[in-house]
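**Student:** Just passing along the structure, written as structure tokens.
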Amino acid sequence: MKFNKTRNKVFGAIFIFIVVVAFFVMPTGYYLEVPGTAEDTSQFVKVNGKHDKKKGNLLLTTVGIVTGTPFTMLKSLGNNFETVYSQKDLMGDENSQQYFQVQQYYMKSAQNNAIQAAYSRADKPFTKKYLGVYVMDIMDNSDFKNKLEMGDTITSINGYHFKNANQFISYVKKQDKHSTVKISFLRDGKEKTASGKLVKLATTKRFGLGITLTDNTEAEGNPPTKINAGNIGGPSAGLMFTLQVYSQVANKDLKAGRTIAGTGTIDPDGTVGPIGGIEKKVYAASEEGATVFFAPDDPVTKEIKKYEPNYVNNYHLALRAAKKLHTKMKIVPVKNLNDAINYLEKTKQSK
């Protein structure tokens, strides 16, 4: 009898232990978007082989993606700076590996745009090298489904080399719908080949490879600039990388000893675009001691209001976040690169 009681206690303790462990580690199928880090862009950027040594910081800001467990979900309740998403809401139809791979492409694209925008603003020469078409997705009925992978770059088709995605698409359109095509592509720096038949594309009723694609380019400036963001993905560091590259190639001290943070996509012409999770990025910048935060002042058009009546642009979301944090950090609206440069040039005199 005493043995049974002891055994029951042991089993009860094991059961409680399993429940407690599950509460802290069991995945729920949800994710939390939380404040990430604020990183000095100078550590990622080299111009002419050198990092920027000027005093101060130009900080890119990130969000963190955390697996939702019962513990993290409960802890996030009432937190203005943590948002719960289902996997589909966060990643669409992609799995986690595909999602982060696409984010790496967006980061690479942001870096290329940053170089073009910075060199143009500094009136320095640069070239744009075309690498091929980047594979963003592969249809389930594609004959290349198990031959291509998301992240591959197609460099030729049937020996034909193209200068942009439109040329590639036009060439495929001219092929007989029953033909087999041979493609060359790059994967992890290695050249590979694959052959397959064309398939009917549901959206256009024409035939093609059954892939979603975009141009894969590489910008090269003089003096040369290299940006290596490591595992940071997405396009939102575009503006801050542009400011860092510009300050070096133009030999401008935009920082003047200050800690300046911000976010926003960048187009080659210097246009700054909106991003997601800006409240978390304001939080990260404030924690790092930034005194200035650049927020995209994206226009709220009638079309946006039609489909999303309650839409609030990045700048006003950033203002709300700063108010909740009671931070003294100045939230500065920017529509383009010149807005940010002009603000920094004007205010460094009064620092």
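Just so you know, all these numbers are worked out from the coordinates, no wet-lab data involved. Model, not experiment: these values are computed from the prediction. FYI the Cβ positions are ideal-geometry reconstructions off the backbone, even for glycines, and counts take in every protein chain you see.
**Student:** Does segment 50-155 come out rounded, prolate or oblate by the C-alpha gyration tensor, with a ≥ b ≥ c the root eigenvalues, rounded set by a/c under 1.5 and, if not, prolate when a/b is larger than b/c and oblate if not? Before the final figure, lay out the partial values.
**Tutor:** Values: a/c = 3.41, a/b = 1.14, b/c = 2.99.
The shape class here is oblate.
**Student:** Show me 122-129, 109-116 ranked by packing, highest mean number of other Cβ atoms within 10 Å first. Walk me through the numbers on the way to the answer.
**Tutor:** Values: 122-129: 13.1, 109-116: 25.1.
Top of the packing list down: 109-116, 122-129.
**Student:** How big is the antiparallel share of DSSP beta bridges in segment 201-351, given as a percent to the nearest 5?
**Tutor:** The answer is about 25 percent antiparallel.
**Student:** Counting only other residues whose beta carbon sits under 13 Å from that of Ala219, what net charge do I get with K and R as +1, D and E as -1?
**Tutor:** Charge balance near Ala219 sits at +1.
**Student:** Ranked highest first by the average count of other Cβ atoms within 10 Å around their residues, in what order do 309-318, 287-296 fall?
**Tutor:** Packing proxy ranking, top to bottom: 287-296, 309-318.
**Student:** Here's something else I'd like to know. Arrange the following residues from fewest to most other Cβ atoms within 10 Å of their Cβ: Val84, Val135, Val45.
**Tutor:** Val84, Val135, Val45
**Student:** In nm, give the distance between the simple-model label positions of Lys197 and Thr347, each being 7 Å from the Cα along the Cα-to-Cβ direction.
**Tutor:** For the pair Lys197/Thr347, the computed spacing is 6.2 nm.
**Student:** If you don't mind, there's one more thing I want to ask. Here are a few candidate values for Rg/Rh (Cα atoms, Kirkwood Rh): [x] 1.23; [y] 0.97; [z] 1.07. Which one was actually calculated from the structure I just gave you?
**Tutor:** From the options [x] 1.23; [y] 0.97; [z] 1.07, the structure gives [z].
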